[in-house]
Amino acid sequence: MKPHTAAQSPLGQASRYPDRYDPTLLFALPRASRRSELGIGEPLPFVGADLWSAYELSWLNPRGKPQVALAQISIDCHSSHMVESKSFKLYLNSFNQTRFDSAEAVRQTLRADLAAAIWGGAPVRSLPGVRLLLPPEFASQTLQELDGLCLDRLDVECQHEQVAPELLRSASDAAPVHETLLSHLLKSNCQVTGQPDWASVQIAYSGPAIDQAGLLQYLVSYRLQQEFHEPCVERIYTDLMARCRPSRLFVYARYTRRGGIDINPWRSSHPRPQPVLSRSARQ
């Protein structure tokens with residue numbers, strides 16, 4: 001595995017698309033450097049995972065007949081590295097002309113290779129979750145939107161072109177609330193290519209009521225931010241915790257698909273069941 005910097009990744013570079021299995025294509029990025037910029041240390045102040053959906057997975061059976069599947073992947077946020085998405089696309093393409101004995105053999109291969117990548121070649125402390133959905137299961141897949149009170153109904157003025165955590169406010173002198181808020185207006189840009197990344201974000205919390213107008217303006221202030229999906233969600237979580245001081249907090253972003261892959265990070269102040277990995281209309 002190659003745990004280097006984002007600038008050294010396959011993003012923004014001309015790429016060869018191999019069609020024979022090659023696990024060395026996975027490019028691992030350490031989480032620590034970005035977390036250090038956000039003031040996030042060990043132990044992590046949250047739990048969570050990065051949920052990936054891969055819609056372009058194919059291989060050959062022992063007789064050379066193509067097989068297809070959807071892959072659902074869960075990577076624990078405690079892993080030392082995350083996988084750069086273009087490298088994962090190239091890696092998946094390397095299955096295209098490779099023969100596997102079964103779908104289970106493909107799943108186990110994905111799991112082992114991703115485990116090595118997300119731990120940077122060090123001893124593996126936890127395995128990623130990998131589920132393959134085969135064609136008979138395709139019809140059972142449905143669209144499901146995030147729930148919550150939509151902030152986008154608010155008519156607010158948005159002037160900030162840099163992330164502005166000072167917009168976050170809460171009513172510390174009022175009774176605590178328990179609510180779930182939602183916005184479809186989160187947009188950031190790829191850290192390397194500058195291409196836009198679009199997302200819906202769900203924020204569930206308990207504690208002093210968060211000013212909804214300020215929260216919406218804050219989310220819109222990410223519009224020019226150059227950040228990968230995972231640290232973007234961790235920045236939102238960290239800013240909310242620091243500025244609004246909820247007793248419980250959950251932040252979940254569902255990003256639109258790029259290159260046949262969508263990435264959906266969630267972070268929580270407390271253990272909770274993993275969100276159901278279902279596709280939204282924009283995915």
Subset of the range 234-282, residues part of a strand (DSSP E or B), within 21 Å of THR193 (Cβ to Cβ) and at pLDDT 95 or above, comes to ALA253, ARG254, TYR255, ILE261, ASP262, ILE263, ASN264, PRO265
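Residues checked against (1) charged (D, E, K, R); (2) out of contact with any strand residue (DSSP E or B) (no Cβ under 7 Å at 6 or more places or on another chain):
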position	(1), (2)
ALA32	no, yes
SER36	no, yes
VAL47	no, no
ALA54	no, no
LEU60	no, no
ARG63	yes, yes
ALA71	no, no
CYS77	no, no
PHE88	no, no
ask   = Does the range 104-119 include one or more residues that are surrounded by fewer than 16 Cβ atoms within 10 Å (Cβ to Cβ) and touching a residue at least 40 places away in the same chain (Cβ under 8 Å)?
value = no
Per the filter on the range 181-219, residues in a helix (DSSP H, G or I) and surrounded by fewer than 23 Cβ atoms within 10 Å (Cβ to Cβ) are GLN212, ALA213, GLY214, LEU216, GLN217
Exception for PRO43 within (1) under 15 Å from ASP113 (Cα atoms); (2) free of Cβ contacts under 8 Å to residues at least 60 places away in the same chain; (3) not hydroxyl-bearing (Ser, Thr, Tyr) falls at (1)
Among (1) without any contact (Cβ under 8 Å) to a residue 60 or more places away in the chain; (2) within 22 Å of the chain's Cα centre (by Cα), LEU215 falls short only on (1)
By residue number, the members of the range 62-85 that are hydroxyl-bearing (Ser, Thr, Tyr) and either under 17 Å from LEU51 (Cβ atoms) or not assigned by TED's automatic domain parsing to the domain that holds LEU133 (or both) are SER74, SER79, SER85
Suppose the filter is of a type outside the set (Ser, Thr, Tyr), under 30 Å from ILE236 (Cα atoms) and surrounded by 15 or more Cβ atoms within 10 Å (Cβ to Cβ); does ARG169 pass it? yes
Given the conditions (1) without any contact (Cβ under 8 Å) to a residue 60 or more places away in the chain; (2) of a type in the set (Val, Ile, Thr); (3) farther than 21 Å from CYS77 by Cβ, every one holds for VAL220 apart from (1)
Counting only residues that are farther than 20 Å from LEU249 by Cβ and not in a strand (DSSP E or B), the range 133-172 contains a total of 22
Listed by first then second residue, the pairs whose first member lies in the range 151-176 and is in contact (Cβ under 8 Å) with a residue 60 or more places away in the chain, whose partner is β-branched (Val, Ile, Thr), with beta carbons under 6 Å and at least 6 positions apart or on separate chains, are CYS158/VAL220; SER170/ILE210
The range 13-122: helices (runs of 4 or more DSSP H) wholly inside it with 1 or more residues that are closer than 25 Å to VAL251 by Cα and among the aromatic types (Phe, Trp, Tyr) are 85-93
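The values are calculated or read from the model by the stated rules, or taken from the named source; none is laboratory data. Small disclaimer: the values here were computed from a predicted structure and weren't measured. Here the Cβ is made from the backbone with ideal geometry for all residues, glycine too, and neighbour counts use every protein chain on show.
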